[in-house]
1. Tell me which residues, restricted to region 424-433, are surrounded by fewer than 24 Cβ atoms within 10 Å (Cβ to Cβ) and touching a helix residue (DSSP H, G or I) at 6+ places or on another chain (Cβ under 7 Å).
2. Which of the residues spanning region 354-385 are open to solvent by less than 10 Å² (accessible area, probe 1.4 Å) and under 16 Å from Ser275 (Cβ atoms)?
3. Does region 334-351 include one or more residues that are among the acidic types (Asp, Glu), in contact (Cβ under 8 Å) with a residue 12 or more places away in the chain, open to solvent by less than 20 Å² (accessible area, probe 1.4 Å) and over 26 Å from Arg137 (Cα atoms)?
4. Does region 387-408 contain any residue that is of a type in the set (Ser, Thr, Tyr) and farther than 24 Å from Glu347 by Cβ?
5. Of the numbered conditions (1) under 30 Å from Asn473 (Cα atoms); (2) part of a loop (DSSP other than H, G, I, E, B); (3) in contact with a helix residue (DSSP H, G or I) (Cβ under 8 Å, 6 or more places away or on another chain); (4) of a type in the set (A, V, I, L, M, F, W, C), Leu349 satisfies every one except a single condition; which is it?
6. Would it be correct to say that Gly267 is in contact with a helix residue (DSSP H, G or I) (Cβ under 6 Å, 6 or more places away or on another chain), surrounded by 21 or more Cβ atoms within 10 Å (Cβ to Cβ), part of a loop (DSSP other than H, G, I, E, B) and at negative phi?
7. Residues being charged (D, E, K, R) and closer than 21 Å to Ala422 by Cα: count how many of those fall in region 359-390.
8. Give me the helices (runs of 4 or more DSSP H) completely within region 362-473, filtered to those with at least 2 residues that are touching a residue at least 40 places away in the same chain (Cβ under 8 Å) and under 25 Å from Tyr135 (Cβ atoms), ordered by residue number.
Amino acid sequence: MFYNKNNNKRTQIGGNRMILEERIKQLNDKKTAMERPYVVYWMQSSQRAEYNHALEYAIRQANRLEKPLVVYFGITDGFPEANERHYAFMLEGLKETKAALEQCGIQMLIRKISPEQGALEISGLAALLMVDRGYLRIERKWRATLAEGAECAVVQIESNVVVPVELASPKEEYSAATLRSKLKKILPHCLAPLEETVCQHPSVAAELPFEAYDVSDTEKALAGLAIDRSVPRVSDYIGGTAEAKRWLEDFIENKLAGYSERKNHPGESFTSNLSPYLHFGQISPLYIYRRLMGMDSESQQSFLEELVVRRELAVNFVYYNEQYDSYAAVPDWAKKTLDKHLADEREYLYSVEELEAAKTHDDFWNAAQLEMNLTGKMHGYMRMYWAKKILEWSSTPQEAYRKAIYLNNKYLLDGRDPNGFAGVSWCFGKHDRPWGERAIFGNVRFMNDKGLKRKFDMQLYLEQVAERARKRN
């Protein structure tokens, strides 16, 4: 219960709903500093105002302590490998999130500062500080810096997976099959709904002593950042929770019925297009899962396999393998078989510049790269073919791995993400098994253009990408 000084009413926030204990972890041994004026939630990976366990927990703590809640977000213009395309999408979402929080009476402070430094500064005003969970190396380092330097308790709440990563498994999993069996046992425990809350908080009495970064005008906010502008923003996908939910409803209404049969067809639009929104935390995977509950079909099961098993296998990989973004993460059996075939003749060798410009002999590969360049996304099946061919057209697998990670992170809206790192690694044998031996690949799974033409209408895919290119030009 929280006493609202403006209308002399007590407002119930969160009711009796419980947040799964395994989602909550205190990061230091500090105590609540009751003499300080605010409760602070450092929002970083869960960039949304709804279905956000960290926000829900912060609201409850603010009500319990009878202190106003401040949501803080730090924008650094030096995030590794991020460029204008990524920042524009993120800013569109932040603008929406800030407006949604303000409608609830919650102040959101956005600053242009390295996020962990801004969190440390505002922690001096915090009785209690909450943060959502990130899995990448830099995200974990940020949270560790805050936990060590803050003078109040810092609590982390995990909201970007259906099953908390350490609850799902205490170790790096070998394959989807090994993780799937563990998830099956505990998944029902993690599906409690997080309903939309009605938030009433008093206005913050005094202005915070920090300069806010205005995101109300996305173009102006984008112009104020010293960022890499070599990759332009895209119009195909607009950031924000409202757009994410629109894509989800379109998927359910128009695509879900044919998903299991048609999802791998590059020329047909049966994918959900939710990956950029999941990457930026603009939609909750738990919300998506619950939205599909009760739709018992082969397509529903196929989609939930991707959303939970495959996506959380990627999180497991990034969390437990410190070398997730390098060739060192490839399993030993794959390294040995690729090494065995290092001297095999490569009919084609392409530089990263040639690949980036989609200048290869392979029309299908060029179309996939062009789709990524133009839209910030690539059809899921083509992502596999794309990375396999980079392996085939490089002098060494190490060189190929670097090229694939570079291009993935530079052009894809959902690049720099556990799914992307795991996807590239899979193409080199991670989470897979040995196959029949052949040149260059050894026992690593092989893909070729004949397989694409045999299975799919690839001319349709080529025409679609060409039409997009014409419209851009």
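1. Lys430, His431, Asp432
2. Correct list: Ala368, Met372, Thr375, Gly376, Met378, Met382.
3. No; the residues of region 334-351 include none that is among the acidic types (Asp, Glu), in contact (Cβ under 8 Å) with a residue 12 or more places away in the chain, open to solvent by less than 20 Å² (accessible area, probe 1.4 Å) and over 26 Å from Arg137 (Cα atoms).
4. no
5. (3)
6. When the stated conditions are applied, Gly267 does not pass them.
7. 5
8. Because the criterion is at least 2 residues that are touching a residue at least 40 places away in the same chain (Cβ under 8 Å) and under 25 Å from Tyr135 (Cβ atoms), the helices (runs of 4 or more DSSP H) in region 362-473 that meet it are 380-392, 397-411, 418-426.
The values are calculated or read from the model by the stated rules, or taken from the named source; none is laboratory data. Predicted, not measured: the structure shown is a model, and the values here were computed from it. All Cβ positions, glycine included, derive from the backbone under ideal geometry; neighbour counts span all protein chains shown. Just so you know, the surface numbers come from the protein's heavy atoms only, side chains and all, with ligands and any DNA or RNA stripped out. Shrake-Rupley method; radii C 1.70, N 1.55, O 1.52, S 1.80 Å.
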